[in-house]
Amino acid sequence: MITAIVQYRLPPSIDLKACAEHFRKIAPGFRSVPGLIRKQFIYAEDGWAGGVYLWESRADADAFYTGPWLEGIRERYGMDPQIKYFHTACVTDNAVEAVLLPNAAE
């Protein structure tokens with residue numbers, strides 16, 4: 001599994017309320033993204049927003065981030081997002097009372 005932290009700067013006209021409204025509008029569309037296990041939509045008071053994504057593989061993440069999603073970020077925010085990738089050793093998910101243990105060879 002791969003965790004990706006994605007960030008981009010919002011224009012000053014987009015506050016928490018507007019950002020949250022946009023995120024809630026687009027969130028259902030992420031249910032069908034190949035290889036995406038989970039996404040958290042994030043907003044910081046300093047004007048940065050983005051997501052924390054959990055992927056089945058780096059290939060799945062790369063395919064998504066180089067497609068139409070990237071063009072949408074560029075059009076809306078006028079910048080390429082900052083993306084940092086992490087190998088994910090395990091995930092504790094208290095909401096479903098589970099611990100995810102990916103293959104250690106990944």
Report task. Just give me the residues in the stretch 34-60 being out of contact with any Asp or Glu (no Cβ under 8 Å at 6 or more places or on another chain) and among the β-branched types (Val, Ile, Thr), in sequence order. Result -> 42, 52
Query raised in the report: Mind checking whether some residue in the stretch 39-54 is farther than 23 Å from residue 101 by Cα, among the charged types (D, E, K, R), modelled with pLDDT of 95 or more and part of a helix (DSSP H, G or I)?
Result: no
Query raised in the report: Out of all the residues in the stretch 45-73, which are free of Cβ contacts under 8 Å to residues at least 12 places away in the same chain and exposed (fewer than 13 other Cβ atoms within 10 Å of the Cβ)?
Result: 46, 66, 67, 68, 71, 72
Query - Residue list for the stretch 74-106, restricted to those being out of contact with any Pro (no Cβ under 9 Å at 6 or more places or on another chain), surrounded by 13 or more Cβ atoms within 10 Å (Cβ to Cβ) and among the hydroxyl-bearing types (Ser, Thr, Tyr) - result: 85
Report summary line: Residue hits (the stretch 74-106; in contact (Cβ under 8 Å) with a residue 12 or more places away in the chain, assigned to a loop (DSSP other than H, G, I, E, B) and among the β-branched types (Val, Ile, Thr)) are 88
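The values are calculated or read from the model by the stated rules, or taken from the named source; none is laboratory data. Just so you know, these numbers come straight off a predicted model, no measurement behind them. With ideal geometry, Cβ positions are generated from the backbone for all residues, glycine too; neighbour counts draw on all protein chains shown.
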